[in-house]
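J.: Structure provided below as structure tokens; questions to follow.
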Amino acid sequence: MPLRSLNEPVFSDDASEVRRLRAGIRDLTAMSTMPAQWVGREAPEIVASFLDTLVATMHLDLAFMHAEDPKGGPIEAVRTSYVVDLTDRLPSIAQALAPYLGTYTQTRITNPLDGSDLWIVSHPLPASEGVVVAGSRNPKFPSDLEMALFATGVTHAATWLRSAHVAAEHVRAQAQNVYLREEIEVALAFGGIVGHSTVLRRVLDQLELVAPTEANVLLLGESGTGKELFAREIHHRSRRADRPLIKVNCSAIPRDMFETEFFGHVRGAFTGALRDRPGRFQLAEGGTLFLDEVGDLPIELQPKLLRVLQEGQYERVGDDTTRQVDVRVIAATNRNLAAEADAGQFRADLYYRLSVFPIAIPALRERTDDIPLLVRHFVALVAKKLGIEVPVVMGDQFERLKRHDWGGNIRELQNMVERAVILSRGGKFSLDAVLAERTPLVREEIGEEVVPEREWRRRERENLLVALKRAAGKIYGPSGAAALLGVKPSTLQSRLRALGIDPYDSK
């Protein structure tokens, strides 16, 4: 056998095969550098970059990808070697490819772009995260080398998606944890729903009916009746119980921050936006959003909320990407939204969207039979917090409490009990001291007189001014006006704004 010359190529009869292999190695190298190019880029950019690389390295006539954006919502993109702008044709291309997206597929189809024959490979991504389709008009497609390139690219895309989903979930969990840490004291302070009165049982029956459904719920009742507690119970008894319950106090949101508070923003969206921030809807994904004091939402901002409730879609401030959201809404108010909707002071369409299932939460004066149970419950909570033995409450004190008007409802009772326990440390528990500090609010029989709205507002204004004067203009804290009135500080601030009262004028 003659020896081969040192200058003779290994594949002397097939130099094109050598070039093809070299090109394949070059293309595999290009595929391998993709993850480094994706660092710090958003998902739509990465999908577009990935498809461009597939078309260039595999000489494809069509490349298509459908994936779930780690930050929420679907992403679909298409690239070809001969049509530049495919924006308008993307829906028809996706529809033509739809029958082949569920499983791994190699087949011939009609090219949705020009009607020619197109040989495609459809490769689902793991964990139902999407699918990639590669297509060529070459009847020999895909070759072994093309399949190796395709598999490498799909592996990189799947790995990035999986990592991005984990990172997004981590960011979401961190944001939820920050929010939940802020809320945990409120949740623990109230305990559970306490009472066995007839009126409370009727409310709980309604709660049991609506909780397992997906219906929006509107909780109606005076301040301090525990509407947030009932919202938590609805969430915990729903199919969304293992997902977050996120609260938004609508009266506490500045008008210019409404969109970023509800929907979030991207970095650079406005001065001071140094990083992406998820909104309350994104934090509540798959769970429940509790809109407290929804009646205080300015009417010009209500259409933005209505849109996301109707369509399940929103955009972050500074972002063009439309996101899908799956959230159940529970709203609460101490105002007569039906009357305000009739008067044009609240959007009627938003009111109807929120009040699919309205529940009226009774005032404490309507469930005085529950006062003994509530007092014992709050006494035990306060004693545990102070690390003292639970004091005994004598029955004669309950009768005095039942005659009290309870304008601040359960929150007022809780504040009163906590102060009484603190004052009674080392001695006999008594409510005498805290009752004596308060203006007598003994309930009288309701007469036939109807108080006009103007007179009612005048009385409310005078009452708020008296409370502010006693508190030296303070709103927050145990000696603040909110505590004296038995309402939340945010509720008091909302009322003061509505009546044009400056708390600093009362100092």
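J.: Hey, can you rank 328-335, 416-423 by average C-beta count inside 10 Å, highest first?
T.: Numbers: 328-335: 23.8, 416-423: 19.6.
Those peptides, ordered most packed to least, come out 328-335, 416-423.
J.: Follow-up. Mind jotting down the distance between the C-alpha centroids of the stretch 308-383 and the stretch 55-100, whole Å?
T.: 42 Å
J.: Sticking with this structure for a sec: Can you order the peptides 104-116, 237-249 by their average number of other Cβ atoms within 10 Å per residue, highest first? Walk me through the intermediate numbers first.
T.: Details: 104-116: 13.6, 237-249: 18.5.
Highest mean packing first, the order is 237-249, 104-116.
J.: Would you mind computing, in nm to one decimal, how far apart the modelled labels at Leu301 and Val466 are, each placed 7 Å from Cα along Cα→Cβ?
T.: About 3.3 nm, to one decimal.
J.: Would you mind checking which residues have amide H under 5 Å from Gln324's amide H? H placed 1.01 Å from N; only 5 or more apart, or other chain.
T.: Gly73
Quick note: the coordinates plus some simple rules give every number you see, no bench work behind them. Because the structure is a prediction, the values reported are computed rather than measured. A quick note on method: Cβ atoms are made from the backbone with ideal geometry, for glycine too, and the neighbour counts reach across all protein chains shown.
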